[in-house]
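Notes follow the structure.
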Amino acid sequence: MNPRNAAAAAISQVLRGQSLTAALEHPLAALPTPQDRAFAQALCYGVIRHYYRLNFIAGRLLGKPLKTKDQDIQALILCGIHQLQAMRVKPHAAVSETVAAAARKPWAKSLINAVLRNYQRDAAALDSAAQTDQEARHNHPAWLITRLAADWPEHYLQLLAANDQPAPMTLRVNPRAQSRDAYLALLEDQGLSGDPVHEYGITLEQAVNVEQLPGFAAGAVSVQDGAAQLAAALLDPRPGQRVLDACAAPGGKTAAILERQPDLKVLALDVDPARLQRVQDTLKRLRLTAELLAADASQPATWAQGRAFERILIDAPCSGLGVIRRHPDIKLLRRPEDLDALAELQAKILDALWPLLAPGGVLLYATCSVLRQENEAQIAAFLHRHADAAEITLTADWGQARPHGRQILTGWENMDGFYYAKIGKSA
């Protein structure tokens with residue numbers, strides 16, 4: 001397997017409904033060098049990020065769609081066009097190496113060669129034609145363009161553009177290990193640089209492998225987007241309090257809470273045992289301790305055992321439309337019919353966990369979505385259902401105040417799209 005084979009294999013799996021992270025696992029493992037793996041991964045993310053534009057152009061060049069069984073050839077054509085459009089690959093190599101990657105289907109070599117040569121010849125006209133198609137122009141499915149325009153008529157074009165940019169790499173310095181200024185100095189010693197964000201964050205000028213980060217293995221620093229870093233301060237637990245982190249995987253917020261205040265009794269809950277292992281790995285690296293439990297947050301009767309908590313964080317299952325920069329496959333995998341089901345699950349979790357919040361306690365609701373249905377509308381409905389719930393106004397210099405909570409739109413201050421609402425329980 002070569003990098004283009006690997007990329008085409010992963011892209012084919014995404015087109016069949018698998019997440020890009022899962023689809024990349026085996027193809028990348030089959031490549032012999034770090035350089036090959038890096039190239040294949042960059043090619044995959046580029047093609048998936050610009051899929052709607054690339055697919056429009058490929059459709060014009062092919063004339064008629066390929067059969068489903070030849071989705072790998074479709075993926076190779078998209079890889080070839082993307083290399084010619086956006087990657088630092090010499091054009092003759094982009095064409096010849098992509099053609100060679102079709103070795104298992106010799107009949108496809110002449111087709112791929114013709115398509116890519118025709119693109120080289122007619123690139124300007126094809127790129128211009130792509131601007132006349134809504135999905136190709138905005139690089140999003142039509143339903144999502146419509147939905148974002150309805151929710152954010154003044155900002156949706158910025159949102160669409162932000163979704164097509166790679167996300168920055170942001171770090172969270174462990175305050176128990178050293179100060180942020182001290183860590184910035186360590187980065188400088190390694191030839192790395194970044195800008196401070198929030199209380200403990202640093203956004204790097206250029207992403208690097210975590211192995212290049214000073215002290216990463218020893219727990220000095222973690223990778224976490226700036227928007228997600230806000231959760232620990234907003235929750236604001238006090239020493240000795242009992243904290244429930246529902247839907248905790250992969251554990252970044254659990255760890256951030258404990259880094260700020262280690263004297264807590266934290267229960268980290270997640271429905272997926274495999275994902276919960278990632279929480280365990282994160283806490284072990286950071287030398288932090290929490291109780292971990294694989295259970296369904298919406299069914300506390302099966303695990304709560306009469307426990308009450310002074311703080312509850314619900315990082316709710318959501319559409320993920322605020323993190324498309326990091327997971328561009330969301331544009332291909334998410335469906336409009338998913339949204340009502342997700343909103344129903346969010347409401348179910350909120351209602352199920354509310355009785356577990358002690359009087360006088362605080363619940364922090366968060367999503368990585370930019371849709372009002374999952375965010376401010378969800379909280380408005382919750383407050384209407386619970387007379388003992390009162391919103392705590394979030395006054396901050398980030399995001400935008402909404403009728404309920406605060407919304408960060410993707411790309412604002414280099415952060416992911418995120419939503420927070422804080423709710424207190426009557427004493």
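Every number here is computed from the coordinates shown, using simple stated rules; none is lab data. In this text the structure is predicted, and so the values were computed from the model without any measurement. Cβ coordinates were reconstructed from backbone atoms using ideal geometry, including for glycine residues, and neighbour counts include every protein chain displayed.
What distance in nm lies between label points placed 7 Å from Cα along the C-beta direction at V223 and E344?
If labels sit at V223 and E344, their model points lie 3.6 nm apart.
Would you calculate the separation in nanometres between label points at H26 and N118, each defined as 7 Å from the Cα along the Cα-to-beta-carbon direction?
In this crude label model, H26 to N118 measures out at 3.3 nm.
Using a Gaussian network model of the chain whose springs link C-alpha atoms within less than 10 Å, name the residue from W398, W303, W107 with the highest mean-square fluctuation.
W107
Mind pulling the per residue volume of the convex hull built on the Cα atoms of region 3-139? Å³ is fine. It would help to have the intermediate numbers written out before the result.
Working: hull volume 14.4 nm³, N = 137.
Taking the convex hull of the Cα positions in region 3-139, it is 105 Å³ per residue.
What do you get for the angle between helix 273-286 and the principal long axis of the chain? Use alpha-carbon atoms, 0 to 90 degrees, nearest ten.
Roughly 70 degrees between the two axes.
Given 0.36 nm per residue, what is the gain on full extension from H92 to H384 after removing their alpha carbon distance, in nm?
98.8 nm
How big is region 226-425 by Rg and Dmax over its Cα atoms, in Å?
Using the Cα atoms of region 226-425, the pair Rg, Dmax is 15.8, 45 Å.
Only Cα pairs under 8 Å and at least 6 apart count here; give the relative contact order of region 3-139 as a rounded whole percent.
RCO, region 3-139: 27 percent.
Nearest 0.05, what FRET efficiency do A100 and S19 give at R0 = 35 Å with Cβ-Cβ as r?
With R0 = 35 Å, the Cβ-Cβ based efficiency is 0.80.
At 0.36 nm per residue, and after removing the present C-alpha to C-alpha distance, how many nm does the segment from F216 to E413 gain when stretched out fully?
Value of the extension gain: 68.4 nm.
Given only helices, namely DSSP H runs of n ≥ 4 each adding -39500 (n - 2.57), what is the per-residue ellipticity at 222 nm of the chain, to the nearest 500 deg cm²/dmol? All intermediate terms of the calculation are to be shown ahead of the outcome.
Values: 17 runs with 197 residues, N = 427.
Calculated at 222 nm, the ellipticity per residue is -14000 deg cm²/dmol.
Just subtract the alpha-carbon distance of T33 and T68 from 0.36 nm times their residue separation and send over the number in nm, one decimal.
Contour length minus the Cα-Cα distance gives 9.5 nm.
Can you bin every Cα-Cα distance in region 3-76 into 10 Å intervals starting at zero and give me the percent of pairs per bin, rounded to whole numbers?
Spelled out per bin, shortest first, that is 21, 52, 24, 4.
What's the tally of Lys pairs in the chain whose alpha-carbon atoms lie under 26 angstrom apart, where the two lysines are 8 or more places apart or on different chains?
Lysine pairs satisfying the spacing and distance rule in the chain number 24.
Counting DSSP beta bridges in the chain, what percent are antiparallel, to the nearest 5?
60
Cut-off 10 angstrom, C-alpha nodes, Gaussian network model of the chain. Which of G411, G251, G306 fluctuates the most?
Its mean-square fluctuation being the largest, the pick is G306.
Could you work out the mean projected area of the convex hull around the alpha carbons of region 260-316, in square nanometres to one decimal?
For region 260-316, averaging the hull's shadow over all directions gives 4.4 nm².
Which entry in [x] -0.23, -1.30; [y] -0.28, -1.30; [z] -0.24, -1.45 is this structure's computed log10 I(q)/I(0) by the Debye sum over Cα atoms at q = 0.06, 0.14 Å⁻¹?
Computing log10 I(q)/I(0) by the Debye sum over Cα atoms at q = 0.06, 0.14 Å⁻¹ and matching it to [x] -0.23, -1.30; [y] -0.28, -1.30; [z] -0.24, -1.45 gives [y].
Along each principal axis of its Cα atoms, how long is region 170-223 end to end? Whole angstroms, biggest number first, please.
So the three principal-axis extents are 23, 22, 18 Å.
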